[in-house]
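Structure record follows, encoded as structure tokens.
The values are calculated or read from the model by the stated rules, or taken from the named source; none is laboratory data. Quick caveat: nothing in here was measured; it's all calculated off a predicted structure. Here Cβ is always computed from backbone atoms with ideal geometry, including for glycine, and neighbour counts include all displayed protein chains. In case anyone asks, the SASA skips ligands and DNA or RNA and just uses the protein heavy atoms, side chains included. Shrake-Rupley method; radii C 1.70, N 1.55, O 1.52, S 1.80 Å.
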Amino acid sequence: MPRRLEFFFDLSSPWTYLAFTNVQAIIAQSGAAATFRPILVGGVFNAVNQGVYAAREQADNRKLQHSWKILGDWARLAGVAMNFPSQWHPAKSVNAMRFAAALEDDQPALIAFSRAAFAAYFGAQDNLDDPDVLEAAAATAGLDGAAIRAAAASDPVKARLRANTDEVIARGGYGSPSMFVDGDDMYFGNDQLPLVEAALRR
């Protein structure tokens, strides 16, 4: 049986964009059964990782300042256009993640939409919280943006996004992306992808 990888993610995170891009080759090469799970990372931070907000407020936070340089290095290595931060940072992502949650049962469509939404926010510097931007991103991915927009506003999709967020918190997650191999082997972030790859190959 193939190893199972769950990738819990929020589209507003630049590190998630890198991990989302880089994990694709790992999945293909390992033959893992992968599932992408939309979450609301703000809900995770509010519940278990409020230190993120405090760090952002520190004007002389050397670690945070250096992280922007490392982000650029990773982006070049991954071949990802990282035009970031923009005027929308830190972005609200409720609408974006509801769009994503509406597509969770169609994983190829979710992946295609996510790629387009990442490019819109981190490449074109569009507003990730604007439903018009999200609908256009869906259309760019060859999807029916208007239908996804309508589904994203439904109570079942909203409930699904809340449930995914609650689930990743309950399983020990504290940010995006949170990744699980075979259920309980947790990894976090783009930097830990080599460990994810090793776990999938064991």
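Could you list, in sequence order, the residues of segment 176-202 that are on the phi < 0 side of the Ramachandran plot and small (Gly, Ala, Ser)?
Taking segment 176-202 first, the residues on the phi < 0 side of the Ramachandran plot are 176-181, 184-188, 190-202.
Result: Ser176, Ser178, Ala198, Ala199.
Taking the condition of being in contact with a Gly (Cβ under 6 Å, 6 or more places away or on another chain) and among the charged types (D, E, K, R), how many residues in segment 122-179 meet it? Spell out the reasoning first.
Step one: of segment 122-179, the residues in contact with a Gly (Cβ under 6 Å, 6 or more places away or on another chain) are 135, 138-139, 165.
Narrowing further to those that are among the charged types (D, E, K, R): 135.
Looking only at that region, the number is 1.
Regarding segment 124-137, can at least one residue be identified that is under 17 Å from the mean Cα position of the chain (by Cα) and within 22 Å of Val23 (Cβ to Cβ)?
yes
Give the number of residues within segment 121-166 that are outside any helix (DSSP H, G or I) and either on the phi < 0 side of the Ramachandran plot or of a type in the set (Ser, Thr, Tyr) (or both).
The total comes to 11.
Out of all the residues in segment 156-185, which are open to solvent by 60 Å² or more (accessible area, probe 1.4 Å) and in contact with a Lys or Arg (Cβ under 7 Å, 6 or more places away or on another chain)?
Within segment 156-185, Asp182 is the sole residue that qualifies.
For segment 6-27, check the following and say yes or no: at least one residue is within 20 Å of Phe180 (Cα to Cα) and charged (D, E, K, R).
Yes, segment 6-27 contains a residue that is within 20 Å of Phe180 (Cα to Cα) and charged (D, E, K, R).
Being of a type in the set (Lys, Arg), surrounded by fewer than 16 Cβ atoms within 10 Å (Cβ to Cβ) and either touching a helix residue (DSSP H, G or I) at 6+ places or on another chain (Cβ under 9 Å) or in contact (Cβ under 8 Å) with a residue 60 or more places away in the chain (or both) is true for just one of Arg98, Arg4, Arg37. Which residue is that? Walk me through it before giving the result.
Working: Arg98 fails: surrounded by fewer than 16 Cβ atoms within 10 Å (Cβ to Cβ); Arg37 fails: surrounded by fewer than 16 Cβ atoms within 10 Å (Cβ to Cβ).
Just one listed residue meets the conditions, Arg4.
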